Amino acid sequence: MGVTDPTGPVMDRDEVDRALARLGAEHEAIETSLLALQDHAGRRLLEGAELTGTTRERWTSADASITLLWAYFDAYTDALRSAREIRARRRWSSREDLVELTELLRGESVTVAGSASAAANAPTLLSAGGRLSERFSLETLVDRMNELYATSLDMVVTADAVWSALPARIDLLAAELQRTRKLAHSVGVRPGEHPAGDDLERITRILTKLREDVVSDPLGFWVPAQGSSAPGGGRPDTAAYDRQARALEEVRREIDAVLTVRQDAEARLITLRDVLSRADRTLAEARTARGEVLAKIAATEVPVVSGPPTALQEQLATAAEYRRSAQWHRLSPLLESLEQKAEDELLRARESLTAVTAPLAVRAELRGRLDAYKAKVARHGLAEDPFLIERYDAARRMLWSAPCDLRVAEQAVLRYQQAAAEALGAPRVPQQSGPEDRRGPGA
């Protein structure tokens, strides 16, 4: 081979044929890719859409890049055609033909002329500083086309992915929102009257604006994949959509609660009346018991029993009125509050009754203890013991007299227990308070 400057050694016939075959295959692959990009649904949508924001900026650049791509491809096609024509002149190419083919296939023999707008709008790195024409080798031209194609395809695929995912989901959520609004209206959940109604209006406004933004600026809703260089690497950003979906779900739960109230309101009102009635009866019993305790038990502080809460009765009447007027959205929170308050009131009434009757319970326990020891003494044949009879009678008089002094009666019961224990030979019962009475039978 001879040497030609600046392309290097002159290619022989076999090298030329292999280069033409490779370039032909590349030409076919590039043409297929360009036609697929031209027919891509995302590109057609981008051409017809009113774009804003990031998408508008990137599409302006990508559209110019696609135009420049076709100019590069046309120049590539012309150069390949010329090389094929030169090779076809003779079966055995002459040296002059091989020199010309070497220059065409390896040298910067391809001149690309582009319009001023295409050169200005294409990416700066690829448009060579905005010049209206450039010279390339076929290999460099293929590299340029690959770069332009990758950036253009990434933009088109990304926009198409967002448009394919988000608007349809937003429309489905908007349809569900409309059904929820109709159901809410049927149970009185309306804007300005119930917080859930205000939430529905807010979600409607946000979804409408979100759809407009997604349609006009899809790239604003794209999260690129970390470390991915593939076209369209990433996923649609659904964070704003997901927030509204969760908000609508919360509203639906609120409306379900209102519907539940509408279905079982009467049963819940009857239960509330029953609970409050039991609380009133328990308080009445506690007041009666307090009078009995004050009459029968001496030197005891008995807690005061309050009357029935009129506020709860008024709220219960309000709830009944809400049910009659079908104001379910107002009835729902009121019933929940009343149910808790009614249970608290019943518990308070029971605690009052327990506190008031505590002295009577203590007296009953002392009576039971006294009779139990008497029965034990009788089983051991000591029922006629004068000392035990005296101690028993003293304790019984105190426990069955009115008013009963529980502290004194308890000491009398303890003295009887001690005497019985001594008579039975059992260990003495420890005395809790007061001096020990050691009087004998003749005292």
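The values are calculated or read from the model by the stated rules, or taken from the named source; none is laboratory data. Values in this document were obtained by computation on a predicted structure and should not be read as measured data. Because the Cβ atoms are built from the backbone with ideal geometry, glycine has one as well, and the counts that use them run over all protein chains shown. Side chains are part of the model used for accessible areas, which takes the heavy atoms of the whole protein and leaves out ligands, DNA and RNA. Shrake-Rupley method; radii C 1.70, N 1.55, O 1.52, S 1.80 Å.
For the stretch 402-423, give me the residue count where each residue is part of a loop (DSSP other than H, G, I, E, B) and at pLDDT below 80.
1
Please go through the stretch 339-370 and pick out each residue that is open to solvent by 70 Å² or more (accessible area, probe 1.4 Å) and charged (D, E, K, R).
Listed by number, the residues that qualify are LYS341, GLU343, ASP344, ARG348, ARG350, GLU351, GLU365.
Pull out all pairs, ordered by first then second residue, where Cβ-Cβ is under 8 Å, the residues are six or more apart or on different chains, the first lies in the stretch 60-77 and is closer than 19 Å to HIS27 by Cβ and in contact (Cβ under 8 Å) with a residue 12 or more places away in the chain, and the second is buried (at least 19 other Cβ atoms within 10 Å of the Cβ) and charged (D, E, K, R).
What qualifies is ILE66/ARG43; TYR72/ARG144.
Quick one: which residue in LEU69, LEU46 is more than 45 Å from the chain's Cα centre (by Cα) and closer than 30 Å to ALA165 by Cβ?
Going through LEU69, LEU46 in turn, just one is more than 45 Å from the chain's Cα centre (by Cα) and closer than 30 Å to ALA165 by Cβ: LEU69.
State which residue pairs qualify: first residue more than 19 Å from GLN38 (Cβ to Cβ) and among the charged types (D, E, K, R) and inside the stretch 157-172, second residue at pLDDT 90 or above and surrounded by 15 or more Cβ atoms within 10 Å (Cβ to Cβ) in any location, beta carbons under 8 Å apart, and separation of 6 or more residues or different chains.
If the second residue must be at pLDDT 90 or above and surrounded by 15 or more Cβ atoms within 10 Å (Cβ to Cβ), the pairs left are ARG169/THR238; ARG169/TYR241; ASP171/ARG211.
Could you pull out the residue among ARG44, ARG18, ARG87 that is surrounded by 17 or more Cβ atoms within 10 Å (Cβ to Cβ) and not hydrophobic (A, V, I, L, M, F, W, C)?
ARG87
Taking only the stretch 178-191 into account, find how many residues are open to solvent by less than 60 Å² (accessible area, probe 1.4 Å) and assigned to a helix (DSSP H, G or I).
Residues meeting the conditions: 2.
SER133 fails exactly one of the following numbered conditions: (1) modelled with pLDDT of 80 or more; (2) small (Gly, Ala, Ser); (3) closer than 13 Å to LEU68 by Cα. What is the number of that condition?
Only one criterion in (1) modelled with pLDDT of 80 or more; (2) small (Gly, Ala, Ser); (3) closer than 13 Å to LEU68 by Cα is unmet by SER133, namely (1).
Can you work out which of the residues in the stretch 49-66 that are assigned to a helix (DSSP H, G or I) and among the small types (Gly, Ala, Ser) is nearest to the chain's Cα centre (by Cα)?
So, considering only residues that are assigned to a helix (DSSP H, G or I) and among the small types (Gly, Ala, Ser), the one nearest to the chain's Cα centre (by Cα) is GLY53.
Within the stretch 211-226, how many residues are assigned to a loop (DSSP other than H, G, I, E, B), over 15 Å from GLU57 (Cβ atoms) and open to solvent by less than 30 Å² (accessible area, probe 1.4 Å)?
0
So ARG91 ticks every box in (1) more than 29 Å from LEU210 (Cα to Cα); (2) outside any helix (DSSP H, G or I); (3) modelled with pLDDT of 90 or more but one. Which box is left unticked?
Evaluating ARG91 over (1) more than 29 Å from LEU210 (Cα to Cα); (2) outside any helix (DSSP H, G or I); (3) modelled with pLDDT of 90 or more leaves (3) as the failure.
Please work out if ARG262 is open to solvent by 60 Å² or more (accessible area, probe 1.4 Å) and over 30 Å from SER325 (Cβ atoms).
In short, no.
Do the conditions hold for THR282, that is, is it in a helix (DSSP H, G or I), at pLDDT below 85 and among the hydroxyl-bearing types (Ser, Thr, Tyr)?
The answer is no for THR282.
Is there a residue being surrounded by 14 or more Cβ atoms within 10 Å (Cβ to Cβ), touching a Gly at 6+ places or on another chain (Cβ under 6 Å) and modelled with pLDDT under 75 anywhere in the stretch 111-119?
Within the stretch 111-119 (the criterion being surrounded by 14 or more Cβ atoms within 10 Å (Cβ to Cβ), touching a Gly at 6+ places or on another chain (Cβ under 6 Å) and modelled with pLDDT under 75), the answer is yes, since at least one residue qualifies.
To keep it simple, each residue is scored yes or no on (1) surrounded by 15 or more Cβ atoms within 10 Å (Cβ to Cβ); (2) within 25 Å of the chain's Cα centre (by Cα); (3) not in a helix (DSSP H, G or I).
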position	(1), (2), (3)
GLU134	yes, no, yes
LEU141	yes, no, no
SER152	yes, no, no
VAL156	yes, no, no
LEU166	yes, yes, no
GLU176	no, yes, no
GLU193	no, no, yes
ASP199	yes, yes, no
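Can you tell me which residue among ALA295, ALA267, ALA286 is loosely packed, with under 14 Cβ neighbours inside 10 Å and either more than 30 Å from THR180 (Cα to Cα) or touching a strand residue (DSSP E or B) at 6+ places or on another chain (Cβ under 7 Å) (or both)?
Every option except ALA295 fails the conditions.
Considering every residue within the stretch 4-12, establish whether at least one is in a helix (DSSP H, G or I) and either surrounded by fewer than 17 Cβ atoms within 10 Å (Cβ to Cβ) or not acidic (Asp, Glu) (or both).
no
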